[in-house]
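No value in this document is a laboratory result; all are computed from the given coordinates. All values derive from a computational prediction rather than experimental measurement. Every residue, glycine among them, receives a Cβ derived from its backbone with ideal geometry; neighbour counts consider all protein chains shown.
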Amino acid sequence: MNEQSATNKVAWEYRAYEFWVKRDGHPKEKAKKIMKNPRTSLKKHQAFLEMVKGKKIANLCGSNGRKAVPLALLGADVTIFDISKENERYAKALAYYANTSINYIVGDVCEIDLQTYGEAFDILYLEGGVLHYFHDIDHFMSLLSSLLKKDGTMILSDYHPLLKCLNEDFTVKLAYFDTELQTGDIAYKQFFPEEEQDDFPDVSIRLYTLSEIINSLITAGFKLERFDEHRGWKKENIPWEFTIIARK
């Protein structure tokens, strides 16, 4: 495991299960909500995941199972690859209470066993902001290509690179072309009391430009089929996230 991954493993195994319970409720309660209509949990990606029954799906950095469990309920064979045992704890409980099953592999995504999982998946699904956890995007995209079957589809949704240029108060930050690794707050730190936040480990991230992301896809042999930009949750009039549909 490289240094960046080791740093992020420590961060994502610090009170993550507690956070998921705070935000989403106990896995039993979250499962009830998902089971009412699994497809709605896929939100803006529903249209790209309509025919998943019998498909093998890899949910890279799949976190607490909030997407994997709905997909499993819809008939997919889903494997999560994630670095955090805390995330695995919540996801497995979520699957149990939803009366379904998922596969969960804990470890460095960059060290996935390709003898076992090479060209094993019909669909790769990455969402919620994961690219910044990998310091070499070309290597990461090459790995993704290796996991996907011929003619398979990748759904990649991530934070829009233009956010690199905005501070929290929306003032401009001249950082778009920065390439160095940075330390930052774990995503859920703000959900805990201020007096406890100093104890949270930092994550190690590398932010990419839009051209770096697209060119890495091309270099890895993907065919870009669709690129969508999305507003923020509060309908901000700036691109907050993007979704790429690519085929091998």
Within the range 205-230, residues more than 16 Å from ASP136 (Cα to Cα) and within 18 Å of the chain's Cα centre (by Cα) come out as PHE227, ASP228, GLU229, HIS230
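Among the candidates TYR90, TYR104, which residue alone is of a type in the set (Ser, Thr, Tyr), closer than 24 Å to THR153 by Cβ and either touching a strand residue (DSSP E or B) at 6+ places or on another chain (Cβ under 8 Å) or surrounded by 23 or more Cβ atoms within 10 Å (Cβ to Cβ) (or both)?
Values: TYR90 fails: closer than 24 Å to THR153 by Cβ.
Selected residue: TYR104, the only one of TYR90, TYR104 that is of a type in the set (Ser, Thr, Tyr), closer than 24 Å to THR153 by Cβ and either touching a strand residue (DSSP E or B) at 6+ places or on another chain (Cβ under 8 Å) or surrounded by 23 or more Cβ atoms within 10 Å (Cβ to Cβ) (or both).
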Inspect all residues belonging to the range 75-87 and state whether any of them is surrounded by 23 or more Cβ atoms within 10 Å (Cβ to Cβ), in a helix (DSSP H, G or I) and under 18 Å from the mean Cα position of the chain (by Cα).
yes
Pairs please, first residue from the range 177-201 and touching a residue at least 40 places away in the same chain (Cβ under 8 Å) and of a type in the set (Gly, Ala, Ser), second anywhere and in a loop (DSSP other than H, G, I, E, B) and surrounded by 14 or more Cβ atoms within 10 Å (Cβ to Cβ), Cβ atoms under 9 Å, 6+ apart in sequence or on different chains.
ALA187/GLY128; ALA187/GLY129
Flagged pairs (Cβ under 9 angstrom, 6 or more apart or on separate chains; first in the range 127-153, touching a residue at least 40 places away in the same chain (Cβ under 8 Å) and surrounded by fewer than 19 Cβ atoms within 10 Å (Cβ to Cβ); second in a loop (DSSP other than H, G, I, E, B) and among the hydroxyl-bearing types (Ser, Thr, Tyr)) are GLY128/SER63
Under 8 Å by Cβ, and 6 or more places apart or on different chains, what pairs join a residue from the range 35-57 that is without any contact (Cβ under 8 Å) to a residue 60 or more places away in the chain and of a type in the set (A, V, I, L, M) with one that is buried (at least 18 other Cβ atoms within 10 Å of the Cβ) and not in a helix (DSSP H, G or I)?
LEU42/LEU49; LEU42/LYS67
